[in-house]
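The values are calculated or read from the model by the stated rules, or taken from the named source; none is laboratory data. These numbers were taken from a predicted model, which means no experiment stands behind them. Here Cβ is always computed from backbone atoms with ideal geometry, including for glycine, and neighbour counts include all displayed protein chains. For the accessible areas, the whole protein counts, side chains as well, though only heavy atoms, and no ligand, DNA or RNA atoms are used. Shrake-Rupley method; radii C 1.70, N 1.55, O 1.52, S 1.80 Å.
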There are 2 protein chains.
Amino acid sequence: MLDRAGGLPLYAQLVATFRERIESAEWPAGGQLPSERDLCSLFDVSRITVRRAIDIAEKEGLVKRVHGVGTFVSDARMEQALDRVHSFERTLAQRGLVASTTIHAMSVSVSDLAVASVLRLEASEPVTNLQLIGRGDDEPIVFYDSFFPTDVGADVTAAAERAGAAGVPFSTLDLYRDAVATVPDRLEQAFEAIVADRFLAGLLAVPEGRPILRVTSVMSREGRPIEYRRACYRGDRYRFSLDRALPAFH
Amino acid sequence: MLDRAGGLPLYAQLVATFRERIESAEWPAGGQLPSERDLCSLFDVSRITVRRAIDIAEKEGLVKRVHGVGTFVSDARMEQALDRVHSFERTLAQRGLVASTTIHAMSVSVSDLAVASVLRLEASEPVTNLQLIGRGDDEPIVFYDSFFPTDVGADVTAAAERAGAAGVPFSTLDLYRDAVATVPDRLEQAFEAIVADRFLAGLLAVPEGRPILRVTSVMSREGRPIEYRRACYRGDRYRFSLDRALPAFH
């Protein structure tokens, strides 16, 4: 399994193996790693090599040692609370990541049936499409695919270009806050689990078949839908959370 | 691809092929099927066979014809709104499915570190574990894995056994409503996308690697955590939704 013919030192190969197993969820977040002794026999390496690999994996944030108990896989997911609206930058900053955003594509074209129906346009009317890739420490984390009626789209894409040129990280929601006249007052969202197809895998730099959290949003202003957004988050890097009071049952 | 040597008629094999492609998301929900003409050449069958297969697939709810446009893959996901608390039975009834619940396992054991920490127990204290499988039309849809302090656990498991014996469908939240004295007044939840490992794949009767929506909940009563639940929903059968007013940005 490890390459003993030279190349990378064994402890570095072991760290790479840990990373591979954690990213593929063979070792799931929150789970316990095999004991040091078992890691020695699993990979046929010395205790010193195992300890050095765990040291490095801990510094990289992959795992966490709990004294007297063992070593656990860290959870690398950003958490976004659904009862607040935080900027993309602030959400990533929680995990110590530097956010950045790149514009993947921008176009105006005839809307497809699904988009037209959500935005309440005729099937032949044009829509503005804006595709963004949100990154944390330069690694792709989310792909935003947004559609707007063209009047709103013109404002949002202009704001996206300004933010992009200024090197400011943003999601479309951040643009409304900072630079667009028509701001939404209502947000409907749906949360689904899917797996990455070839297209998404390419955009998010993960292998095909990895879990993706898909969040479909309709933002509206005084009852008029102004944005239809499909956001695909890497499942291993994102979660959404909600804290609420329950109604009395009895 | 189709078996022409007898056995199932071609149109029935074609329906099975449609189902296979839809379940594997090769034909994703909301996507358009190839045209009738293209289906004929893809599967080397007559137009009559294709039409008959689409008729059946439409009756089964797999696809939906849109006049003059084409045939689209139906979305088979149940939608559960996060701003209301609906019973498991009612959520499934939306899609015309008959809900049922089976008790997969029930036990009292020493809590693991993660469970003890969430329930604010000592690591050596016992916890009650209740595992349920929720079904729609007898097909597994969700696996609930719940942990309780033993006093609450005794009440909840007794209520689960009564509901099970009576043949009533339920989630643990339904049990609180109907039959448990200690009802939660607060619910914290996190939503994540994962893929099915061998264990989950077996429980939910899907192939390994299929998308799973994992919802982790902590239910508490006057600040005391009374249940820690990890629910795993089939990604192709469930979504959560939320509709909310946005704060003024300016």
Count of residues meeting criterion [open to solvent by 20 Å² or more (accessible area, probe 1.4 Å) and either under 22 Å from residue A:196 (Cα atoms) or at pLDDT below 90 (or both)] in region B:175-201: 10
Cβ pairs under 8 Å, 6+ apart, first in region A:151-164 and under 19 Å from residue A:119 (Cβ atoms) and crowded, with 22+ Cβ neighbours inside 10 Å, second of a type in the set (Ser, Thr, Tyr) and at pLDDT below 95: A:152/A:182; A:156/A:172; A:156/A:176; A:160/A:172
Which of the residues belonging to region A:113-127 are out of contact with any Pro (no Cβ under 6 Å at 6 or more places or on another chain) and open to solvent by less than 10 Å² (accessible area, probe 1.4 Å)? A:115, A:116, A:127
Which residue pairs have Cβ atoms under 6 Å apart, sit 6 or more places apart or on different chains, and have a first residue in region A:111-136 that is away from every other protein chain (no Cβ under 14 Å) and farther than 23 Å from residue A:200 by Cβ and a second that is among the hydroxyl-bearing types (Ser, Thr, Tyr) and surrounded by fewer than 17 Cβ atoms within 10 Å (Cβ to Cβ)? A:126/A:150
Do we find a residue being within 30 Å of residue B:215 (Cβ to Cβ), of a type in the set (Phe, Trp, Tyr), surrounded by 14 or more Cβ atoms within 10 Å (Cβ to Cβ) and at pLDDT 90 or above anywhere in region A:13-33? yes
Given (1) outside any loop (DSSP other than H, G, I, E, B); (2) more than 8 Å from chain A (Cβ to nearest Cβ); (3) among the hydrophobic types (A, V, I, L, M, F, W, C), number of the condition residue B:170 does not satisfy: (1)
Filter region A:62-94 down to the residues that are touching a residue at least 60 places away in the same chain (Cβ under 8 Å) and more than 9 Å from chain B (Cβ to nearest Cβ) and list them by number. A:76, A:78, A:80, A:81, A:87, A:88, A:89, A:92
Checklist (1) surrounded by fewer than 21 Cβ atoms within 10 Å (Cβ to Cβ); (2) at pLDDT 90 or above; (3) assigned to a strand (DSSP E or B) applied to residue A:227, failing item: (1)
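From the list A:117, A:24, A:100, A:87, which residue is of a type in the set (Gly, Ala, Ser) and over 24 Å from residue A:239 (Cβ atoms)?
Details: A:24 fails: over 24 Å from residue A:239 (Cβ atoms); A:100 fails: over 24 Å from residue A:239 (Cβ atoms); A:87 fails: over 24 Å from residue A:239 (Cβ atoms).
When all the criteria are applied, what remains is A:117.
Which strands (runs of 3 or more DSSP E) sit wholly inside region A:37-112 and have at least 1 residues that are open to solvent by 40 Å² or more (accessible area, probe 1.4 Å)? Reasoning before the result, please.
Numbers: elements: A:63-66, A:70-73, A:78-81, A:99-110.
Answer list for region A:37-112: A:63-66, A:78-81, A:99-110.
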Can you say whether residue B:177 is free of Cβ contacts under 8 Å to residues at least 12 places away in the same chain, within 12 Å of chain A (Cβ to nearest Cβ) and either among the β-branched types (Val, Ile, Thr) or over 28 Å from residue A:84 (Cα atoms) (or both), as far as the supplied structure shows? no
Provide a single number: the residues in region B:180-193 that are among the hydrophobic types (A, V, I, L, M, F, W, C) and more than 7 Å from chain A (Cβ to nearest Cβ). 2
Identify the single condition in (1) open to solvent by 30 Å² or more (accessible area, probe 1.4 Å); (2) within 14 Å of residue A:142 (Cβ to Cβ); (3) facing another protein chain (nearest Cβ under 9 Å); (4) more than 11 Å from the chain's Cα centre (by Cα) that residue A:236 does not satisfy, given that it satisfies every other one. (4)
